[in-house]
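What follows is one structure encoded as structure tokens, with my remarks underneath.
The values are calculated or read from the model by the stated rules, or taken from the named source; none is laboratory data. Just so you know, these numbers come straight off a predicted model, no measurement behind them. All Cβ positions, even for glycine, are placed from backbone atoms using ideal geometry, and neighbour counts span all protein chains on display.
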Amino acid sequence: MSALEQLPLGALDRRRTERVHVSDDHEVLFGRGTGVLVDLSKRGARIRHAVPVRRDSSVRLSFTWGDARFSAEADVVASRMVSLGSGMSYESRVHFPFVDHPSAKVLDKAIIDITERDLRRSVANMLGWNEHSQRGAAPLTSSFIRCRLRGRWWDRKVTNDSTQPDDGFVLSGESTESEIQTLCSTYSGSDDADRQMIRLMASAAIAGNTAP
């Protein structure tokens with residue numbers, strides 16, 4: 001099992017009202033046509049679509065997420081024409097006046113999945129590692145930097161032990177000051193599940209640099 005496959009989903013409650021950007025083209029049925037999600041929240045969404053809709057109208061929005069389907073009436077709050085190079089399309093902001101329980105569960109899952117994916121990508125970029133990185137590179141250093149969160153303060157030490165602590169993380173000794181500070185800030189603002197994800201990715205990054 002890869003490091004990414006072991007990562008937890010994270011806390012549900014703190015993400016329920018966040019607006020998340022959907023970086024992948026996720027197709028939706030919107031009114032009389034189709035479109036893609038631009039962003040999504042518990043209360044609404046932004047859609048890019050081909051068939052125009054009127055402001056203050058109500059249309060049905062539906063999409064699949066995994067093996068489940070979200071479907072709800074959506075009030076069009078704003079709509080404008082946008083240029084996409086080869087043609088014109090529309091971008092609309094919608095509000096969900098009511099979402100039934102099955103669709104609300106799909107919406108929660110979609111927001112969690114998108115947020116977790118973005119956090120994984122952000123941490124992977126900081127560590128210079130991703131799931132598809134080439135492994136087997138020669139180690140750049142035999143030392144590591146252990147960062148442990150002590151209340152509101154960070155305790156940082158150079159060590160030869162790459163074991164990940166329960167209250168922080170270990171990075172390669174080649175990590176820059178900016179990378180360390182950024183990851184410390186990300187870790188401090190994360191819940192327990194996301195902190196475990198950071199440790200798993202840090203371990204994978206170290207393994208990738210020290211594999212024979």
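Residues THR64, THR34: which one is of a type in the set (S, T, N, Q), touching an Asp or Glu at 6+ places or on another chain (Cβ under 7 Å) and either modelled with pLDDT under 95 or surrounded by fewer than 16 Cβ atoms within 10 Å (Cβ to Cβ) (or both)?
Values: THR64 fails: touching an Asp or Glu at 6+ places or on another chain (Cβ under 7 Å).
When all the criteria are applied, what remains is THR34.
Within the bounds of the stretch 68-81, is there any residue that is modelled with pLDDT under 95, surrounded by fewer than 18 Cβ atoms within 10 Å (Cβ to Cβ) and outside the structural domain of SER190 (by TED's automatic domain parsing)?
Taking every residue of the stretch 68-81 in turn, at least one turns out to be modelled with pLDDT under 95, surrounded by fewer than 18 Cβ atoms within 10 Å (Cβ to Cβ) and outside the structural domain of SER190 (by TED's automatic domain parsing).
Looking at the structure I just gave you, is GLY128 over 17 Å from ARG43 (Cα atoms), modelled with pLDDT under 95 and more than 21 Å from the chain's Cα centre (by Cα)? Lay out the reasoning, then the answer.
Values: over 17 Å from ARG43 (Cα atoms): yes; modelled with pLDDT under 95: yes; more than 21 Å from the chain's Cα centre (by Cα): no.
Spelling it out, it is not the case that GLY128 is over 17 Å from ARG43 (Cα atoms), modelled with pLDDT under 95 and more than 21 Å from the chain's Cα centre (by Cα).
PHE144 is checked against (1) at pLDDT 90 or above; (2) surrounded by 17 or more Cβ atoms within 10 Å (Cβ to Cβ); (3) not assigned by TED's automatic domain parsing to the domain that holds LEU183 and fails just one. What number does that condition carry?
Here PHE144 clears every test but (3).
I'd like to check which strands (runs of 3 or more DSSP E) are fully inside the stretch 15-126 and have at least 2 residues that are of a type in the set (Phe, Trp, Tyr).
On the way: elements: 27-30, 33-40, 44-49, 58-65, 68-83, 88-95.
Of the strands (runs of 3 or more DSSP E) lying wholly inside the stretch 15-126, those with at least 2 residues that are of a type in the set (Phe, Trp, Tyr) span 58-65.
How many residues are within 19 Å of ASN125 (Cα to Cα) and part of a loop (DSSP other than H, G, I, E, B) if we restrict to the stretch 165-199?
6
Looking at (1) touching a strand residue (DSSP E or B) at 6+ places or on another chain (Cβ under 9 Å); (2) modelled with pLDDT of 95 or more; (3) within 20 Å of GLU116 (Cα to Cα); (4) not basic (Lys, Arg), which is the only condition ASP24 fails?
Of (1) touching a strand residue (DSSP E or B) at 6+ places or on another chain (Cβ under 9 Å); (2) modelled with pLDDT of 95 or more; (3) within 20 Å of GLU116 (Cα to Cα); (4) not basic (Lys, Arg), only one is false for ASP24: (2).
Collect the residues in the stretch 37-79 that are farther than 14 Å from ARG93 by Cβ and within 22 Å of the chain's Cα centre (by Cα), keeping them in residue-number order.
LYS42, SER62, PHE63, THR64, TRP65, GLY66, ASP67, ALA68, ARG69, PHE70
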